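Reviewing the structure listed below.
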Amino acid sequence: MTEFAFASHVPVGENRYRERYGLDFEDFAIGQTFKHRPGLTVSQQDNVEDALDTLNQAMLHFDEHYASKTEWQRPLVVSTLTLQHLIGLTWKTFGKKVRILGWADISMTGPVFGGDTLYAETEIKGKQDIAEDPSRGRLTVVTKGINQNGALVCSMEYDLLVYKRDYMPFAQANY
Amino acid sequence: MGTFYSHRKLAEDTYIEIAGVEYEDFEVGQIFEHRPGRTFTAEENRRHALRSADLSIRNVDAVYNDKVYKGEQLIAETLILSVVTAMTTKTFNKVVANLGWKNIQFPTLVRAGDTIYAESEILGKRESQSRPAQAVLHVRTRAVNQCGDEVCAFERRLLIYKRGLGPYEAAGY
């Protein structure tokens, strides 16, 4: 028997359903783990473009000849590209994020190369109300990045603000 | 005061550019000001979100952003972190791998149109036990906006090659 949780659509009329973006602050509880889907395959082209877009001058990311002489033997993916993909992949659960307050820790635990596929999963570690602002709450979470072979490539702990249920602007904006 | 070099002489009147400062030349307490600065635009923030597979509504629906977030064009935290980290790569170029960050903070929000500048302080250095050709650098990087307000700060550990022990000669660097 399959068990389901959290509505993906909100009924807004007769036979009419609107897609829902993200869980409400009230839906989260300490100890929950969310496996985010889809995953995302990172290409070496993505890696080059990210390095050039950000003015990253470490040639390990975009000089394949140089990279072939390192212990990695091929270009290593920019670590911030890995972590931005991991954060990006969480939107279906954290779509009602106000913003990220900061990271306590980010560990790059394994190399990522062009062609690797990243999957994200997040565990809820802490949850607290904001006394001065009833529209939102604060979550402490750990997001892990796992590649196609099941190897952990990144683990990060961060705090984010998430809107609470029925916070009016979502409805006003037709979401 | 240390002296750092940008070029190496290959032959009379022939110079090759050097990438990065050598591990041995770093000392605890040194501060490196990274240049150039970098300006953020709303369009790159949107592109960054889409490229990250991030379908958060505020990135793609301006009406929603106006109503829920009062129209503020805030730059994504992951983009700020990417750019500030990338800004350090001219000085910290001889990197084997980036090991991780600690205590990443965003004291002031960054909006489209803002320009940031970064600097890094050397907090510690030690040789690697398991990798004799390599060493670990511990740095604190902070970035300020055009008004001088701190917008991002973090500590980071990176693995770098020791002098003469990297792949530079083999790769023609």
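So which residues in the range A:1-15 are in a loop (DSSP other than H, G, I, E, B) and either in contact with a strand residue (DSSP E or B) (Cβ under 6 Å, 6 or more places away or on another chain) or among the polar types (S, T, N, Q) (or both)?
Initially, the range A:1-15 is screened for residues in a loop (DSSP other than H, G, I, E, B), giving A:1-8, A:14-15.
Passing the criteria: A:Thr2, A:Ser8, A:Asn15.
Would you tally the residues in the range A:82-96 being surrounded by 21 or more Cβ atoms within 10 Å (Cβ to Cβ) and either of a type in the set (Ser, Thr, Tyr) or more than 7 Å from chain B (Cβ to nearest Cβ) (or both)?
Total satisfying the criteria: 6.
Could you check the range B:52-76 and list, in sequence order, the residues that are in a helix (DSSP H, G or I) and surrounded by fewer than 18 Cβ atoms within 10 Å (Cβ to Cβ)?
B:Val60, B:Ala62, B:Val63, B:Asp66, B:Tyr69
Against the condition within 12 Å of another protein chain (Cβ to nearest Cβ), touching a strand residue (DSSP E or B) at 6+ places or on another chain (Cβ under 8 Å) and in contact (Cβ under 8 Å) with a residue 12 or more places away in the chain, how does B:Ala153 come out, does it pass?
When the stated conditions are applied, B:Ala153 passes them.
Can you tell me which of B:Glu121, B:Glu169 is farther than 30 Å from B:Tyr69 by Cα and either out of contact with any strand residue (DSSP E or B) (no Cβ under 8 Å at 6 or more places or on another chain) or within 14 Å of chain A (Cβ to nearest Cβ) (or both)?
Every option except B:Glu169 fails the conditions.
Can you go through B:Phe26, B:Phe106, B:Phe32 and tell me which one is free of Cβ contacts under 8 Å to residues at least 60 places away in the same chain, assigned by TED's automatic domain parsing to the domain that holds B:His138 and hydrophobic (A, V, I, L, M, F, W, C)? Break it down into steps so the answer makes sense when it comes.
Details: B:Phe26 fails: free of Cβ contacts under 8 Å to residues at least 60 places away in the same chain; B:Phe32 fails: free of Cβ contacts under 8 Å to residues at least 60 places away in the same chain.
Answer to the check: B:Phe106.
Quick one: which strands (runs of 3 or more DSSP E) lie wholly within the range B:90-159 and hold at least 1 residues that are within 25 Å of A:Phe113 (Cβ to Cβ) and over 13 Å from the mean Cα position of the chain (by Cα)?
On the way: elements: B:95-105, B:115-127, B:134-145.
Counting at least 1 such residues, we get B:95-105, B:134-145.
From the list B:Gln146, B:Gln134, which one is out of contact with any Gly (no Cβ under 7 Å at 6 or more places or on another chain) and either surrounded by fewer than 19 Cβ atoms within 10 Å (Cβ to Cβ) or in the same structural domain as B:Arg47 (by TED's automatic domain parsing) (or both)?
B:Gln146
Given (1) within 8 Å of chain B (Cβ to nearest Cβ); (2) surrounded by fewer than 16 Cβ atoms within 10 Å (Cβ to Cβ), where does A:Val12 come up short, assuming only one miss?
So A:Val12 meets the others, but not (1).
Within the set of pairs 6 or more residues apart or between chains, which connect a residue that is more than 8 Å from chain B (Cβ to nearest Cβ) and surrounded by fewer than 19 Cβ atoms within 10 Å (Cβ to Cβ) inside the range A:66-80 to a residue that is among the charged types (D, E, K, R) and outside any strand (DSSP E or B) with Cβ atoms less than 8 Å apart?
That search, which allows pairs on different chains as well, returns A:Arg74/A:Glu64.
Could you tell me which of the residues B:Ile80, B:Ile160, B:Ile57 is outside the structural domain of B:Phe32 (by TED's automatic domain parsing) and in contact (Cβ under 8 Å) with a residue 40 or more places away in the chain?
Just a single option satisfies the conditions, and that option is B:Ile80.
Of these, A:Arg74, A:Arg37, A:Arg18, which one is under 30 Å from B:His34 (Cα atoms) and either modelled with pLDDT of 90 or more or not in a loop (DSSP other than H, G, I, E, B) (or both)? Break it down stepwise before answering.
Numbers: A:Arg37 fails: under 30 Å from B:His34 (Cα atoms); A:Arg18 fails: under 30 Å from B:His34 (Cα atoms).
None of the others qualify; the one that does is A:Arg74.
The values are calculated or read from the model by the stated rules, or taken from the named source; none is laboratory data. All figures in this text were calculated on a predicted structure; none of them were measured in a lab. Cβ: placed from backbone, ideal geometry, glycine included. Neighbour counts: every protein chain shown.
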